1. Do we find that residue 177 is buried (at least 22 other Cβ atoms within 10 Å of the Cβ), closer than 26 Å to residue 135 by Cβ, over 15 Å from the mean Cα position of the chain (by Cα) and in contact (Cβ under 8 Å) with a residue 12 or more places away in the chain in this structure?
2. Testing residue 22 on (1) assigned to a loop (DSSP other than H, G, I, E, B); (2) closer than 17 Å to residue 238 by Cα; (3) in contact (Cβ under 8 Å) with a residue 24 or more places away in the chain, one condition comes back false. Which one is that?
3. For segment 83-119, what are the residues that are of a type in the set (Ser, Thr, Tyr), surrounded by fewer than 23 Cβ atoms within 10 Å (Cβ to Cβ) and free of Cβ contacts under 8 Å to residues at least 60 places away in the same chain?
4. Residues in segment 58-76: is at least one within 30 Å of residue 226 (Cα to Cα), surrounded by 15 or more Cβ atoms within 10 Å (Cβ to Cβ) and touching a residue at least 40 places away in the same chain (Cβ under 8 Å)?
5. How about segment 108-156: which of its residues are part of a helix (DSSP H, G or I) and touching a Gly at 6+ places or on another chain (Cβ under 7 Å)?
6. With respect to residue 3, is the statement that it is outside any helix (DSSP H, G or I) and surrounded by fewer than 17 Cβ atoms within 10 Å (Cβ to Cβ) true?
7. Among the residues of segment 215-245, count how many are small (Gly, Ala, Ser), at pLDDT below 95 and farther than 20 Å from residue 78 by Cβ.
8. Show the residue pairs meeting these rules: Cβ distance below 7 Å; 6+ apart or different chains; first residue within segment 206-220 and in contact (Cβ under 8 Å) with a residue 60 or more places away in the chain; second residue surrounded by fewer than 23 Cβ atoms within 10 Å (Cβ to Cβ) and assigned to a helix (DSSP H, G or I).
Amino acid sequence: MSLPKQVTIVEVGPRDGFQNESGFIPTKQKIKITDQLSETGLRRIEATSFVHPKAIPQLADAAEVMAGIKRKEGIRYMALIPNVKGVERALQAGVKEINLVVSASESHNKSNLNMSVAESLKALKEVARIALDNGMRIRGSIATSFGCPFEGWVPPEKVDEIAREYLAMGVHEVCLADTVGMADPSQVSQMVSRFRDKLKDVEFSLHFHNTRGAGMANVLAAMLEGANIFDASICGLGGCPYAPGATGNIPTADMVHMLESMEIDTGVNLSKLIECARMVQDLLGRVLPGQVMKAGIVPWATKKQASS
């Protein structure tokens, strides 16, 4: 198999994971978890979201979280931004990288953002201008790239249109998101092949949910087509509150374990990551999906990981 030698993992648990919890996780606990994640070797962490507190009350403390975390040199801390007010708040909080989101399907965009796709793109042009004027990095995520809970199949041409709009805005990265876990490896292979060259001038990443158990298979399919940036979430937490059936992401430790077992370097200390995962599970007080934190590291994963 032709696989990348290195993969970058974007930890999205502190945002995508915590936003989907039924209760509010105390700010101090969010800070503690993010700081512990910063000690694992991860180089990218989505720390929070500057969405209106009424829309996502679980992340109403975004500014406090950004003020409280110990920002470690070499780590990019990202925040999701929905609008101009959000980017203004993020600037005040010292955020250096933002994540914009538009859905490829009209129905999900209306449910998630209460706007049409065209209205969202128009609003985000101003967000991108402000961000670039202030030296921020921008990720442009395309939700429901692989399927919509309301409309079903999403034509790739819809994803094309949004990707072109993002590139015109000047984003540094485009992320295709499988928001409700509808993707299969064959579809992923086709989509990555389709977009790899279109997005060759920016970073190209993928966000898979493990809703139907295909998350890791989809990562492998994407890697075989040359992709090497993937989102994952501590303990597999996550889901979209405005997408029926959108359960969690791929557990970060499970993804790291698979990649390191395949001799693909992630730069992540698996033992430290498992410690963090167990802390999160204890905090939430229920059994969470991550398998490696339960089963442990296989002895031959790699000498580096097995001895760390």
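1. no
2. Against the list (1) assigned to a loop (DSSP other than H, G, I, E, B); (2) closer than 17 Å to residue 238 by Cα; (3) in contact (Cβ under 8 Å) with a residue 24 or more places away in the chain, residue 22 comes up short only on (3).
3. Passing the criteria: 107, 116.
4. Yes, the conditions are met somewhere in segment 58-76.
5. 128, 132
6. Judged against the criteria, residue 3 is a match.
7. Of the residues in that region, 2 qualify.
8. So the pair list comes out empty.
The values are calculated or read from the model by the stated rules, or taken from the named source; none is laboratory data. Everything numeric here is computed off the predicted structure, so don't read it as measured data. Methodologically, a virtual Cβ is constructed for each residue, glycine included, from the backbone with ideal geometry; neighbour enumeration extends over all protein chains shown.
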